[in-house]
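Read through the structure below, which is laid out as structure tokens, and then see the notes.
The values are calculated or read from the model by the stated rules, or taken from the named source; none is laboratory data. Because the structure is predicted, anything quoted here is derived from the model rather than measured. Positions of Cβ are backbone-derived with ideal geometry, glycine not excepted, and every protein chain shown enters the neighbour counts. The protein model used for the area step is the full one, side chains on, heavy atoms only, and it has no ligands, DNA or RNA in it. Shrake-Rupley method; radii C 1.70, N 1.55, O 1.52, S 1.80 Å.
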Amino acid sequence: HIGFMLVGLPSDFVTDRIGTSRNSFIALFAISFVTIVILGVVISRSITGPVKHLVDITRAIREGDLTRRVDLRTPDELGELGASFDHMTSELISRNQEVERLYRLQVEETAQREAVLASINDAVFVVNRREGIVMENNAGRILLEELTEFPDDQAFFHELYESPESLRQGAEIAILDRYYTVVATPIQSYTSHA
């Protein structure tokens with residue numbers, strides 16, 4: 001026996017199925033497209049958000065606000081960069097504190113030197129060959145003011161401090177109709193490292 005099977009389909013069945021497949025494909029494409037766009041926005045914000053935060057913090061640090069921290073807790077390169085910035089800022093604070101401490105020590109030492117120098121009744125001058133007189137006490141200041149009225153004595157005085165080696169043993173000199181014993185002593189300058 002050989003049998004036949006006949007199926008009768010309406011004439012618009014094939015075109016309906018093609019239309020349904022096309023509508024399904026369009027819907028699937030639209031859903032995929034929207035999903036990809038949403039994922040792209042989420043991923044780009046997850047990258048640009050930390051970068052923007054890092055830029056804001058570095059701008060604040062550049063303007064002097066050393067209290068700001070990046071605090072990125074991501075396990076990627078951005079997190080490592082943020083941790084490096086935080087470490088660098090902490091080091092900068094530490095160095096600034098050290099510089100301030102050394103500056104305060106220097107100011108204290110300078111005040112002590114000036115107090116000692118001011119307490120001496122004789123005229124005392126600290127001279128640098130390149131800069132001339134860099135420091136004097138009150139008696140020295142008064143002597144310099146008096147010398148401005150006597151150009152010859154002033155010129156002689158300048159010659160004295162331009163060649164201090166000749167005064168290491170001491171010398172008797174006459175300036176402003178007065179006699180002075182002048183002694184030059186070299187001063188070692190050093191920078192203390194604490």
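Can you give me the ranges of the strands (runs of 3 or more DSSP E) entirely in the stretch 95-183 with at least 3 residues that are farther than 30 Å from GLY64 by Cβ and over 45 Å from the mean Cα position of the chain (by Cα)? Write out each step before concluding.
Numbers: elements: 125-128, 132-136, 171-175, 178-182.
Per the criteria, 171-175, 178-182.
Just need a number here: residues in the stretch 99-119 that are under 30 Å from LEU54 (Cα atoms) and open to solvent by less than 70 Å² (accessible area, probe 1.4 Å). Residues meeting the conditions: 0. Restricting the stretch 66-79 to residues that are under 19 Å from ILE43 (Cα atoms) and not hydroxyl-bearing (Ser, Thr, Tyr), the residue that is least open to solvent (accessible area, probe 1.4 Å) is GLY79. If you check LEU92 against the conditions, is it in contact (Cβ under 8 Å) with a residue 60 or more places away in the chain and either surrounded by 11 or more Cβ atoms within 10 Å (Cβ to Cβ) or not in a helix (DSSP H, G or I) (or both)? So LEU92 does not fit the description; no. Could you please let me know if GLU63 is modelled with pLDDT of 80 or more, open to solvent by 80 Å² or more (accessible area, probe 1.4 Å) and closer than 30 Å to ILE93 by Cα? For GLU63, the condition - modelled with pLDDT of 80 or more, open to solvent by 80 Å² or more (accessible area, probe 1.4 Å) and closer than 30 Å to ILE93 by Cα - is met. Among the conditions (1) surrounded by 11 or more Cβ atoms within 10 Å (Cβ to Cβ); (2) among the β-branched types (Val, Ile, Thr); (3) closer than 30 Å to TYR180 by Cα, VAL134 misses just one, which is (1). Evaluated against (1) over 58 Å from the mean Cα position of the chain (by Cα); (2) modelled with pLDDT under 80, ILE26 falls short on exactly one condition, (2). Does ILE36 count as assigned to a helix (DSSP H, G or I) and either within 24 Å of HIS87 (Cβ to Cβ) or modelled with pLDDT under 80 (or both)? So ILE36 does not fit the description; no. When the stretch 144-160 is filtered for residues that are open to solvent by less than 50 Å² (accessible area, probe 1.4 Å) and in contact (Cβ under 8 Å) with a residue 24 or more places away in the chain, only LEU147 remains.
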